[in-house]
Amino acid sequence: MLSATGTTAVAATLTLAMAISLPLWAQSGTSSALAGVVADKSGAVIPNAQVKATEVDTGAARAVESNMDGRFLFSQVNPGTYRIEVWAAGFGPGESQPITVTLGQTAAVNFTLSPAAASQSIEVTAKLPVNAPADETLLSVLRNRLNLTGTKYGCGEGACGACTVLLDGKAVRSCQTLASEAATARITTIEGLEQNGHLSPIQQAFLDEDAFQCGYCTSGMIVRATALLSATPNPTPTEIVARMNGNICRCGTYPRIVAAVQRAAQSRGTA
Ligand code: FES
Ligand code: FES
């Protein structure tokens, strides 16, 4: 059972310093790159810092390719505009303003992190306490801190529904939900729908109807359908389409998804 509840939320503080000094180890080659250093207020490099760069235009996220004791390097990035996020245990998070990378140049962004004033705590029923910055998204907490990767990162901006989870039984987009908003709620992810080793009727119905191709949207669809059938046990096809409409399937399996939800409704009704 992977539902979660938790308590407390206190904002973290952040001091973000931008600099254009370029580490010597990053001054190489002709391809475009992003590089920088994550340090504390005394200037000491934070060795356990983690870094992510997101291309603003496409929303594509890149994991750091080379993280050398707090110094980071994204090599061979496309020229464009990027936002960089850094975080480290015990420190408030850091995020850059959009930074432009031009062809053949290495853009440098240095961060100075302050100790977290306090942390947010989420306690899951599996007894896994989680400390996360108050402004971290629930999706990030689930995937990156709890390794619950069934919840998918799709658009990251609330448009696709791949990240849908239940908060106190209500379907929400975890990419648009702060961990602080979820701290006192009961969270149910796709992993938490099965009971005692048995798939939920909706999970089984998606299998029975082959209601997926690549499957990337499927966990969000199933979680959304779970909320739908809780509120409306016997929906009409029109109601299913209307209620599932915000979840996008790029493979276009919509007719089979509707059939799966209908099948699940029937099986729940006869169970
Ligand atoms: S990833 Fe959250 S809505 Fe697309
Ligand atoms: S099955 Fe591929 S996005 Fe829906």
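The values are calculated or read from the model by the stated rules, or taken from the named source; none is laboratory data. Just so it is clear, the structure is predicted and the values come from calculations on it, not from any experiment. Cβ: placed from backbone, ideal geometry, glycine included. Neighbour counts: every protein chain shown. Ligands, DNA and RNA are excluded from the accessible area calculation, which covers all protein heavy atoms including side chains. Shrake-Rupley method; radii C 1.70, N 1.55, O 1.52, S 1.80 Å.
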How many residues are of a type in the set (Phe, Trp, Tyr) and within 16 Å of ligand 1 (Cβ to nearest atom) when one looks only at segment 208-227? 1
Just to be sure I understand the filter: pairs with C-beta atoms under 8 Å, separated by 6 or more residues or on different chains, first member in segment 232-261 and in a helix (DSSP H, G or I), second member among the charged types (D, E, K, R). Which pairs pass? Arg243/Arg224; Met244/Arg224; Arg256/Glu209; Arg256/Asp210; Ile257/Glu209; Ala259/Glu209; Ala260/Asp208; Ala260/Glu209
Hey, among the residues in segment 213-231 that are in a loop (DSSP other than H, G, I, E, B) and open to solvent by less than 70 Å² (accessible area, probe 1.4 Å), which one's nearest to ligand 2 (Cβ to nearest atom)? Cys217
Filter segment 158-174 down to residues that are more than 16 Å from ligand 2 (Cβ to nearest atom), touching a helix residue (DSSP H, G or I) at 6+ places or on another chain (Cβ under 7 Å) and not aliphatic (A, V, I, L, M), then give me how many there are. 4
Taking segment 156-187 as the region of interest, how many residues are in a strand (DSSP E or B) and free of Cβ contacts under 8 Å to residues at least 60 places away in the same chain? 7
